[in-house]
Amino acid sequence: FAGGALSTTYLERVQVEHIVPLKDRIHGENEREVKDVNFRNILNDGKDYALADGDAVTTYPITEPARNLVTIEGAVYRPGKYQLEKVPKLFDLIMAADSLRPEAYPNRADITRTHPDKSLEVIHVNISRAMAGDASDNIRLDSLDAIRIYSKWEISPHRNVSIHGHVLHAGDYPYADSLTLFDLVFKAGGLQDSMYRSETFLPRADLVRLNPDGITKKTIPFNLGSLLDTLPGANQLLQPDDEVVIHSIDMAIVRNDTIEVRGKVKRPGKFHLTSNMNLRDAIYLAGGYTEDASMLQAEIARVVPKGMGEDSLVYIRFATLPDFTITLAQDRPRTEAERAAEFQLQRYDIVFVRPNPEFKLQELVTLDGELRHAGDYALKYPNERLSNLITRAGGVKKTAFLLGGRMTRDGQRVNVDFERALRNPGGSYDIILHEGDIVSIPKSPNSVKVVGEVNNPGILSFIDGDDMWNYIDRAGGVTDSANYALVQFPNGNVGKHGLGFFSGDPTVYDGSTIIITKVPPPPPRTEGESLAITIKDMFAILTSAVTIIYLASHFTK
């Protein structure tokens, strides 16, 4: 029913987890048991095994690996697994693998043998003698033998030579018995090109060679120019691990052929100095001026060649900088004479293009709320004041609530008296605006908020002329835990007032908030303080008792 046994099934053991049928169960004995059945006998004899209701049948795979094989790897043409019966001896296996590769190491191969108890043994043989038919090395193979044929390069690695420095293809190259110093320099490339060769230090290059101890090294200088010109005696044979170092002309010449452009240019930085570079060329390389560059003044800092004394720097100031629009308008290119007439740059020159102090982008201020034309406005001039900008916005609407006006700068509120600012333009209350300021004027709220320690907190309608206590009374009066009052006016200012008989009673404006604070709880008593208070109370009681006794005895007399 399950489709038959797989080819990998182990037939000698099929396990049946058996449940004893109801009629056959005996109290106190096993009701579930495991039976191992030889399925091969069932296939051969035809005598089946009867199953019962609830039985579970499990088959197992073959676990034993193939044993009639040997393996060869390494310096042969066809490494892999081979049938033991066809390659009974080592020579037979090597020939079945299409023989040894040329780089095979002739003096040794290793055979790893697996014994029945899984222990390993390594047998060393001489490949040369095995291939010659020597019985002591051409041994008979066993099942699961693994043969390793070594390469000469595993035993003795490839030897290289290397070249570094001012060449196009620096790195390691294979060593050959006939490889010469000229051969290696030629392979590294570049030195046959006249332009590249002009940047090379020809009087000397270095050959670094291992000493006979195989650890330390010595340096053998040679004349690279003579080698490249193939002069007699300049060339020589190389040895394994030789290293050749070619030097650049910069090693012998101290130079820094650069200039630098800083300030208000589009790509400030350092640039390579050409022989005829002028100020116009440098600014071209720096991407031209930025829009806020000053065209009236620039400076060049120049190093005096005589040395780094107190006067080693010279500042050259220009009245005007090159105008690129004139150059772009010309149809013809500039002649060499015209270029030479302009200011020529030297090594280490630093050009400073200064900013235009009069250049400034628009500075925006936002007007919001009850204005005739709310929105963003650009300041017309430095130090423009609040009243002027509100006038430019058409003034405030009739519904505007100036006492509740708000102004924020850099995310923080600025307390401004809008009524006084608009009443007296240019006065001390008329604040000067900055870029990013936000001015908001709300509608009249016609309400006053009373919160905190009152019996009926909430929002009350505004009555012109009412003072603080009028609103507190309308909120049900203060509670027993009331401490003092804070009156927060619409412009952000806050006044503190007591709640006693002789305390102030300020007039409250539309949009204000009255906050009645709570008496803070007393600080917790310490253990020492409790004892002191107890003693104090005891003395007070004793004093009262003595007084009563005295008065009683006095009236008795």
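The values are calculated or read from the model by the stated rules, or taken from the named source; none is laboratory data. In this text the structure is predicted, and so the values were computed from the model without any measurement. In this analysis, Cβ positions are derived from the backbone assuming ideal geometry, glycine residues included, and neighbour counts consider all displayed protein chains. Accessible surface is based on the protein model in full, side chains and every heavy atom, while ligands, DNA and RNA are left aside. Shrake-Rupley method; radii C 1.70, N 1.55, O 1.52, S 1.80 Å.
Values computed for the structure shown
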item	result
Subset of segment 61-106 [more than 19 Å from S151 (Cα to Cα), aliphatic (A, V, I, L, M), open to solvent by 40 Å² or more (accessible area, probe 1.4 Å) and out of contact with any Lys or Arg (no Cβ under 9 Å at 6 or more places or on another chain)]	I62
Residues that are on the phi > 0 side of the Ramachandran plot and either modelled with pLDDT under 90 or surrounded by 12 or more Cβ atoms within 10 Å (Cβ to Cβ) (or both), drawn from segment 231-246	D241
Evaluation of H115 against (1) within 19 Å of Y82 (Cα to Cα); (2) surrounded by 11 or more Cβ atoms within 10 Å (Cβ to Cβ) (one fails), failing number	(2)
Number of the exception - D430 against (1) open to solvent by less than 80 Å² (accessible area, probe 1.4 Å); (2) in a loop (DSSP other than H, G, I, E, B); (3) within 19 Å of F489 (Cβ to Cβ)	(3)
Candidates V303, V314, filtered to the one that is exposed (fewer than 14 other Cβ atoms within 10 Å of the Cβ), more than 30 Å from L433 (Cα to Cα) and at pLDDT below 85	V314
Matching residues in segment 459-515 - criterion: being part of a loop (DSSP other than H, G, I, E, B), among the hydroxyl-bearing types (S, T, Y) and crowded, with 19+ Cβ neighbours inside 10 Å	S512
Qualifying position, being open to solvent by 50 Å² or more (accessible area, probe 1.4 Å), touching a residue at least 40 places away in the same chain (Cβ under 8 Å) and closer than 22 Å to G511 by Cα, among R385, R406	R406
Every residue from segment 272-287 that is modelled with pLDDT of 85 or more and assigned to a loop (DSSP other than H, G, I, E, B)	L273, M277, A286, G287
Residues of segment 356-371 satisfying the condition of being loosely packed, with under 14 Cβ neighbours inside 10 Å and in contact (Cβ under 8 Å) with a residue 40 or more places away in the chain	P357, F359, L364
Residue in segment 270-300 that is most open to solvent (accessible area, probe 1.4 Å), counting only those that are among the charged types (D, E, K, R) and touching an Asp or Glu at 6+ places or on another chain (Cβ under 7 Å)	K270
Residue among V439, V508, V451 that alone is closer than 23 Å to L386 by Cα, of a type in the set (A, V, I, L, M) and touching a residue at least 60 places away in the same chain (Cβ under 8 Å)	V439
Filter result (more than 21 Å from T63 (Cβ to Cβ) and either open to solvent by 80 Å² or more (accessible area, probe 1.4 Å) or charged (D, E, K, R) (or both)) within segment 39-51	N44, D45, K47, D48, A50, L51
Hits in segment 146-178 (condition: polar (S, T, N, Q), open to solvent by less than 40 Å² (accessible area, probe 1.4 Å) and within 45 Å of the chain's Cα centre (by Cα))	S162
Residue within segment 179-194 that is under 20 Å from S156 (Cα atoms) and surrounded by 14 or more Cβ atoms within 10 Å (Cβ to Cβ) present	yes
Residues of segment 11-38 that turn out to be in contact with a Gly (Cβ under 7 Å, 6 or more places away or on another chain) and open to solvent by 80 Å² or more (accessible area, probe 1.4 Å), as a count	0
Qualifying positions in segment 207-249 - outside any loop (DSSP other than H, G, I, E, B), touching a helix residue (DSSP H, G or I) at 6+ places or on another chain (Cβ under 9 Å) and closer than 14 Å to T180 by Cα	L207, F222, L224, L227, L228, L237, V244
Count of residues meeting criterion [closer than 16 Å to M251 by Cβ and crowded, with 16+ Cβ neighbours inside 10 Å] in segment 195-221	6
Residue ID - modelled with the lowest pLDDT, chosen from residues in segment 250-261 that are outside any loop (DSSP other than H, G, I, E, B) and exposed (fewer than 13 other Cβ atoms within 10 Å of the Cβ)	M251
Single unsatisfied condition, F359 versus (1) under 19 Å from E435 (Cβ atoms); (2) aromatic (F, W, Y); (3) more than 46 Å from the chain's Cα centre (by Cα)	(3)
